[in-house]
Amino acid sequence: MSVNGLLLNSFFSTGAYVHPSPIPQATLFAFHLPEKDNIVVGIICCFYHMEKEMEFEPKWIAWEITRRCNLKCVHCRSSSELDIAGHPDFSFDEAKRIIDDIVSYASPVMVLSGGEPLLRADVFDIAKYGGSKGLRMCLATNGTLVTPEICVKIKDADIKMVSLSLDGAKAETHDNFRNQEGAFDGTMNAIKLFNEHGIPFLINSSFTVRNREEIPDIYRLVKKLGATAWYMFMIVPTGRGEDIMEELIPEKVYDEILEWHYETEKNEDELLMRPTCAPHYYRIVRQKAKEENSSFKRRNLKFSTGGSKGCLAGQLICLIDVDENILPCSYFPKAAGNLKEQSFKEVWEDSSLFHEMRDFKGYKDNCGSCEYVNVCGGCRARAYAMTGDYLAQEPFCSYVPKSIQAKKDK
Ligand code: SF4
Ligand code: SF4
């Protein structure tokens, strides 16, 4: 299997996440992980050699190994809490069965997520088992449970990358977003420990109108902290995020933020950066580069939900939840199948939901008529959350496709 025709300008074979694809042009990954919220995958790519055809291979899987969490973030997609009734952790034997099933079919990056994965006593046993089967194992944590001993275990388990969340440039903002006093200090402590132990990490930042003014400050702070990458994420209203609908960033401001990101990314040569689950960034980059008559080549991300295309849900990425449901991504609350009843291969190849999501011609309204649909696609989870139809147009994109504009102009 391969991502056909992703004629990527750059290919870096030294990254921890470089996929052993026989096709040298293709590949991969960055992640923006949900630490129960943010998922990010990254894909090494270059915009100007992007493709028409796409084959659908599971390149990156977020795996909710527990729904328990020691925080109660305002935007949590899985509404995690410390005591979760009805969604018990699966056993280590079940974890091994899931890994065996996946490796019989694919070789994705696996991100151990949650909930808070460090609440599971066997998290590093799972990581080691996956690693022993050739998977590149990563970890998404809120950072508050990281200690020097945990860092030694992370190294020992050969975890390739850890993602942390930082939603404010100061404690007050982050703690407010995370619903927990001391969460900011916990994240800073984890970062200090990761730096001391030589553990690569990336930072995910989630935004609503509540903290969006701090975007530039968080970017500057992340640069100072020694992160490999920074992923900016606009909340998708699922899980606890449904309670903050009125805090979602309006589409015009959303575009302004993405334009800020474009200008910043263009001039950034150290920190890898990508907006996550902002598919229309791919449209904005193309529009801006055309306006400027420039050939802005985005640097490869070793780890993001950006990549070869804006939305990759059910196309290159998916989520396995604690009940073994396979969902298109962390924010898409509809299962394509379940690993207790089907193999991963059966779900990936035969699910009608995945087939629909891969058929871009079936998208509706503006997205269905859009000349950027193959590189953007709109956020299917946002469409689902806001309209009940996951094939509907992306609710937070202000773009009017040329064909629709032409009809209006007549
Ligand atoms: S559906 Fe939305 S949240 Fe999910 S991967 Fe696509 S852009 Fe991201
Ligand atoms: S209309 Fe849809 S496909 Fe086109 S740029 Fe907007 S979100 Fe992307």
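The values are calculated or read from the model by the stated rules, or taken from the named source; none is laboratory data. Just so you know, these numbers come straight off a predicted model, no measurement behind them. No Cβ is skipped: glycine too gets one built from the backbone with ideal geometry, and neighbour counts run over all protein chains shown.
crowded, with 24+ Cβ neighbours inside 10 Å and either at pLDDT below 95 or within 22 Å of Lys334 (Cβ to Cβ) (or both): is that true of Glu116 in this structure? Yes, satisfied.
All conditions in (1) in contact with a Gly (Cβ under 7 Å, 6 or more places away or on another chain); (2) modelled with pLDDT under 95; (3) surrounded by fewer than 24 Cβ atoms within 10 Å (Cβ to Cβ) hold for Ser351, with the sole exception of (2). Looking only at residues in segment 158-178 that are out of contact with any Gly (no Cβ under 9 Å at 6 or more places or on another chain) and assigned to a helix (DSSP H, G or I), the one that is surrounded by the most Cβ atoms within 10 Å (Cβ to Cβ) is Thr173. Tyr372 meets the stated requirement of being more than 27 Å from Glu64 (Cα to Cα) and either in contact (Cβ under 8 Å) with a residue 60 or more places away in the chain or crowded, with 20+ Cβ neighbours inside 10 Å (or both). Can you confirm whether Tyr105 is of a type in the set (Phe, Trp, Tyr), modelled with pLDDT of 95 or more, in a helix (DSSP H, G or I) and surrounded by fewer than 22 Cβ atoms within 10 Å (Cβ to Cβ)? It is false that Tyr105 is of a type in the set (Phe, Trp, Tyr), modelled with pLDDT of 95 or more, in a helix (DSSP H, G or I) and surrounded by fewer than 22 Cβ atoms within 10 Å (Cβ to Cβ). For segment 339-358, the condition of being free of Cβ contacts under 8 Å to residues at least 24 places away in the same chain, under 25 Å from Leu248 (Cβ atoms), under 20 Å from the mean Cα position of the chain (by Cα) and within 15 Å of ligand 1 (Cβ to nearest atom) holds for none of the residues.
Exactly one residue among Glu181, Glu246, Glu196 is free of Cβ contacts under 8 Å to residues at least 12 places away in the same chain, touching a helix residue (DSSP H, G or I) at 6+ places or on another chain (Cβ under 8 Å), loosely packed, with under 15 Cβ neighbours inside 10 Å and farther than 19 Å from Cys277 by Cβ, and that residue is Glu181.
Taking segment 318-406 as the region of interest, the helices (runs of 4 or more DSSP H) fully inside it that hold 2 or more residues being under 22 Å from Lys290 (Cα atoms) are 365-368.
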